[in-house]
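Below you'll find the structure, written out as structure tokens, and then a few comments.
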Amino acid sequence: MKSMKLYSHVHRIYNDLSALGIGPQDALTVAQLAPFDQYHYDGTRAVDLAVTRLAVGPGSHLLDIGSGIGGPARHIAATTGAQVTALELQPDLDAVARDLTGRCGLGAQITHVCGDILNGAAGGPFDGILSLLCMLHIPDKARLFAACRAALKPGQAMYIEDFAEARPLTASEERTLAVKVQSSQLPTPDDYRAHLERAGFADVTLTDVTQDWRAVSAARVQAARDGRAANLAVHGPEIVAGLEDFYDAVDGLWQGGALTGLRILAR
């Protein structure tokens, strides 16, 4: 996974906080972290949309699959009062997430688990599942969605934001996805629906957000270029070069028409 530069040097968030004058032991707020801890597209707006679609409230217990450094889980806990189990495969991301959650005073609402959804999710069944740009990394969709269905209470829903294949990919695009995005196999939107229905999700709604995400990707590349001097001062050349390479690679896939962006609600 560390060939995907978004997931390397995950301690870089401490550089961002230091640049704001926030020390390694200082208390934090969710708002202070929001510019840095949302690895998906559209930041907290995407999380708020998921909350609405899943009808999350104070009595809900949500499972966040591929929870990263905990940004969505903290935003949900802080804004809704819900309980969240944050499931993250990568130990370094999980460790950073635990630290930041504790410093936000949200440890009573968020349970961080370092583990693999393919092995099931402890603490369920859940009132809803959230997964933002994670499932593209998991090729075995049959096993994945079976595990998700098993983790949900009857009648409840899963909200996914993910990549799909827009057209047959070139060999170069396949290499970029496999190495720089750590995605070895993307389904088409129709394939995605079929996988979910075979797993027992009878009510599946797919929304195409390709145009929006293509624009977000281009804006991210431009922001990295415009802010390069400041980013170098905060993070140094290795981190900046890695992130710029990742942003450029993904943007090439978007602008070349290789990807479809999907918002999925499956019940």
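Taken together, the values in this text are just the output of simple stated rules run on the coordinates, not laboratory data. Not measured: the values here are computed from a predicted model. Virtual Cβ from ideal backbone geometry, glycine too; neighbours counted across all protein chains shown.
Results, tabulated for the structure shown:
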{"item": "Sum of -39500 (n - 2.57) over DSSP H runs of 4+, divided by residues of the chain (222 nm, nearest 500)", "result": "-13000 deg cm²/dmol"}
{"item": "Residue among Ala178, Pro72, Tyr247 farthest towards the positive dipole end of the chain, charges placed on Cβ", "result": "Pro72"}
{"item": "Sequence of Asp248, Asp37 once ranked by neighbouring C-beta atoms within 10 Å, starting from the fewest", "result": "Asp248, Asp37"}
{"item": "Selection from Tyr41, Phe163, Ala151, by position along the positive dipole direction of the chain (Cβ)", "result": "Ala151"}
{"item": "Cα gyration tensor, the chain - rounded (a/c under 1.5), prolate or oblate", "result": "oblate"}
{"item": "Alpha-carbon centroid distance for the pair the stretch 204-237 / the stretch 45-65, whole angstrom", "result": "24 Å"}
{"item": "Relative contact order %, the chain, counting alpha carbon pairs below 8 Å whose residues are six or more apart", "result": "20 percent"}
{"item": "Euclidean distance between Cα centres, the stretch 71-100 to the stretch 124-180, Å", "result": "19 Å"}
{"item": "Among Ile117, Gly128, Val96 - extreme Cα towards positive end, dipole of the stretch 36-133, charges at beta-carbon", "result": "Gly128"}
{"item": "Charge dipole (debye, nearest 20) of the chain; +1 at Cβ of Lys and Arg, -1 at Cβ of Asp and Glu", "result": "280 debye"}
{"item": "Burial ordering of Ile110, Ile22, Ile138, fewest other beta-carbon atoms within 10 Å first", "result": "Ile22, Ile138, Ile110"}
{"item": "Gyration tensor (alpha-carbon) shape descriptor, the stretch 166-221, a/c threshold 1.5", "result": "oblate"}
